[in-house]
Amino acid sequence: MQSKLWVIRQVDPIQRGRLSRALSISSATASLLLNRGVTNLDQATAWMSPIHTHDPFLIPDMERAVDRLHHAMQRREQVCFYGDYDVDGMSATSLYLSFFRTLGANVRAYVPHRLREGYGLNESAVRTLAREGVSLLVTSDCGTTSHHEINLANQLGLDVIVTDHHQTDTDMPPALAVMNPHRQEARYPFHGLCSGGLAYKVAQAYEAKYGSGSVPLESLLDLVALATIADVVPLQDENRLFVREGLAHITKGARCGLRALKHVSGISRECTAETIAFKLGPRLNAAGRLDEAIKGVKLLTTESEREANALAEELDRLNQVRRELEGTILEEALDQAKSRALSGGIVLYARGWHLGVVGIVAARIMERFHRPTVVIAVNENGIGKGSARTVPGFDLYQALAGCRDLLVAFGGHPSAAGVTIQESQLPAFCERFNTIAEKWIQNTQSTPILHVDSEVRLNEITLTLLREIGTLHPFGAGNPEPTFVVKDLNVLNARVVGDKHLKMTVRQDGSLPFDSIGFGMKSLDDRGLSPNTPIDVACTPELNHWNGYDRIQLRIRDIRAAGCE
């Protein structure tokens with residue numbers, strides 16, 4: 001396991017003391033707040049209290065969008081909600097359907113096939129929808145860069161409303177409305193909404209201006225939570241509220257499709273962000289990776305228990321196939337990566353790889369080598385399509401923009417993106433991307449970094465601290481789980497459980513003993529450490545429920561010999 005550089009975030013001790021005294025919280029919790037950009041009492045109170053949502057009409061073109069939707073409702077026009085084939089796109093499309101169906105709208109959904117049609121709006125689909133009588137097209141998680149397709153839609157008599165959160169160019173497409181928080185002129189105070197969150201804001205705005213249907217807005221937050229967590233947008237500002245409330249709805253099982261998906265996933269306890277990230281999200285994504293993503297939309301919108309169970313079982317089967325396929329391609333990609341002298345970025349490609357899993361493989365390769373990675377599947381026509389993933393600090397979107405002349409198309413975010421390229425251009429792209437990444441690596445720290453919130457002593461890790469940390473939930477991108485360093489621990493006992501998990505009991509000076517668990521860390525010997533010498537641990541404290549008792553446990557993030565700064 002590659003060693004990490006521990007970087008303890010530095011905070012102003014005067015600010016920390018003020019927050020601690022004003023809110024009657026521990027210094028450790030005050031450090032957590034400061035590390036998340038909270039610098040004054042008002043901000044701190046907002047973080048630790050119920051969150052209010054922002055005015056949806058501050059989003060560009062929002063009023064124009066809801067007015068057009070209302071006009072379509074009154075005239076019984078056929079409206080098509082056109083979503084991307086990932087969880088964000090499926091969830092946003094499902095939210096639109098759930099909300100506007102209860103208002104009596106004439107609505108339908110369309111999700112393109114990943115292999116046959118590719119990402120975003122495509123000309124064939126636009127022509128088909130126009131021919132079938134659609135007069136208003138509303139996108140989810142796509143459309144910002146679809147200038148040609150939206151222009152075609154306009155020529156065919158379709159109005160287009162874009163809801164998307166991908167990076168934008170200066171020129172907007174010729175749509176009736178483009179609701180994207182990244183637009184330069186956007187006045188919305190929070191730019192971190194995913195497309196599921198944007199769809200919710202549309203429903204919120206519509207209800208504020210024209211009234212509601214039979215679906216309470218808060219009942220749609222389970223879909224927003226799915227989208228927000230699966231799309232790895234920052235869990236800050238109102239996203240925290242959306243996810244917190246949405247997870248509660250998913251735990252209760254109010255939506256029959258999610259009840260069925262939880263059942264096949266073996267979930268019976270409280271649903272957390274990890275539940276979505278590692279259980280529900282991959283099963284929904286499997287539909288878009290290997291089959292028809294519309295099955296995910298059907299699962300999330302059906303009111304039939306029988307249909308929900310059948311769809312959930314089908315998605316579970318697809319996810320198993322996805323895992324097997326991913327394993328095969330990952331092995332081939334690793335062999336390809338190991339055969340190269342890695343100096344900057346990594347670009348891997350081959351014919352025969354399945355486009356549906358290259359994004360996951362790119363993430364695995366990036367984690368393994370800690371380098372920006374692009375994995376591309378080349379089809380029989382010599383067209384390569386792939387996904388890119390990156391290490392913290394390296395902006396993929398800007399890097400790909402530097403290769404624009406070599407690419408057919410690209411798009412995405414600073415941390416994840418997609419590319420289309422001619423096979424003949426792949427060698428030049430490899431060289432260019434590698435050069436850009438190498439230059440960045442030379443100017444930055446290439447060792448994996450573990451950011452630590454503060455150093456604490458074991459006797460500071462109490463139930464009170466855990467309750468304070470609980471007010472900062474949910475954790476995820478932009479609001480990471482708290483990580484503390486505890487130094488000079490004595491190991492009372494250590495063993496490996498379940499073949500690869502390190503289980504220890506530790507003590508600091510004369511403190512009470514604490515249980516700790518390091519998942520996947522194996523033994524101390526495997527990490528070059530001795531149980532007879534003091535250690536430092538970077539850890540997240542949590543409650544461990546076992547045999548009817550709650551005990552504080554340290555979940556170890558990393559471990560080193562004491563004094564090895």
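Laboratory data are not the source of any read-out in this text; all were calculated from the coordinates shown. The structure displayed is predicted, hence computed values, not measured ones. Positions of Cβ are generated from backbone atoms using ideal geometry, with glycine treated the same way; all protein chains shown enter the neighbour counts.
Some points to look at:
- Net dipole in debye of the range 1-114 [+1 Lys, Arg Cβ; -1 Asp, Glu Cβ; about Cα centre; nearest 20]: 300
- Annotation for Ala561 and Arg101: the two label points, set 7 Å from Cα along the Cα-Cβ direction, are 6.3 nm apart.
- The range 248-326 versus the range 93-160: alpha-carbon centroid distance in Å: 24
- Of the cross-linked pairs Lys252/Lys298; Lys262/Lys338; Lys295/Lys338, those separated by over 28 Å at the C-alpha level are Lys262/Lys338; Lys295/Lys338.
- Rounded tilt (10° steps) of 238-252 against the dominant C-alpha axis of the chain: 90
- Each residue of the range 545-559 was assigned a 3J(HN,Hα) from its phi angle through the Karplus curve 6.51 cos²θ - 1.76 cosθ + 1.60 (θ = phi - 60°); the sequence is 8, 8, 6, x, 10, 10, 10, 6, 10, 9, 8, 6, 9, 6, 8 Hz, with glycine and proline shown as x.
- Spacing of the two label points (7 Å from each Cα toward its C-beta) at Lys500 and Arg187, in nm: 5.3
- Amide H contacts of Leu450: Leu5, Trp6, Val7, each under 5 Å away and 5 or more positions distant or on a separate chain (H built 1.01 Å from N in the peptide plane; Pro and chain starts excluded).
- Annotation: for a label point projected 7 angstrom from Cα along Cα→Cβ of Glu367, residues of the range 528-565 with backbone N closer than 17 Å are 556-558.
- For the chain: relative contact order, % (alpha-carbon pairs under 8 angstrom, 6 or more apart): 12
- Interchain or long-range residues, amide H under 5 Å from His501's placed H: Gly520, Lys522
- Assuming charge only on the beta carbon of Lys and Arg (+1) and of Asp and Glu (-1), the dipole of the chain about its Cα centre is about 720 debye to the nearest 20.
- Applying a DSSP loop filter and a limit of 13 other Cβ atoms within 10 Å to the trypsin sites (Lys or Arg not before Pro) in the range 266-318 leaves Arg269.
- Neighbour counting of Cβ atoms within 10 Å sorts the residues Arg551, Arg244, fewest neighbours leading, into Arg551, Arg244.
- For the chain, with +1 on Lys and Arg beta carbons and -1 on Asp and Glu, the positive-most of Leu554, Asn381, Ala260 along the dipole: Leu554
- Summed over qualifying helices (DSSP H, 4 residues or more, each -39500 (n - 2.57)) and divided by its residue number, the chain shows a 222 nm mean residue ellipticity of -12000 deg cm²/dmol.
- Estimated vicinal HN-Hα couplings, Hz - the range 101-108 in sequence order (Karplus 6.51, -1.76, 1.60; Gly, Pro = x): 4, 5, 8, x, 6, 8, 10, 8
- Low-density loop positions, GluC sites (Glu not before Pro), the range 238-346 - DSSP coil, at most 11 other Cβ in 10 Å: Glu270, Glu303
- Label-point gap, in nm, between Asn532 and Asp171 - each point 7 angstrom along Cα→Cβ: 7.3
- 3J(HN,Hα) along the range 286-300, derived from phi through the Karplus expression 6.51 cos²θ - 1.76 cosθ + 1.60 where θ = phi - 60°, amounts to 4, 4, x, 6, 10, 9, 9, 5, 4, 5, x, 5, 4, 4, 7 Hz, with x in place of Gly and Pro.
- Residue order, fewest to most surrounding Cβ atoms within 10 angstrom, among Val456, Val419, Val374: Val456, Val419, Val374
- Amide H partners (placed H, <5 Å) of Ala109, local residues excluded: Phe81
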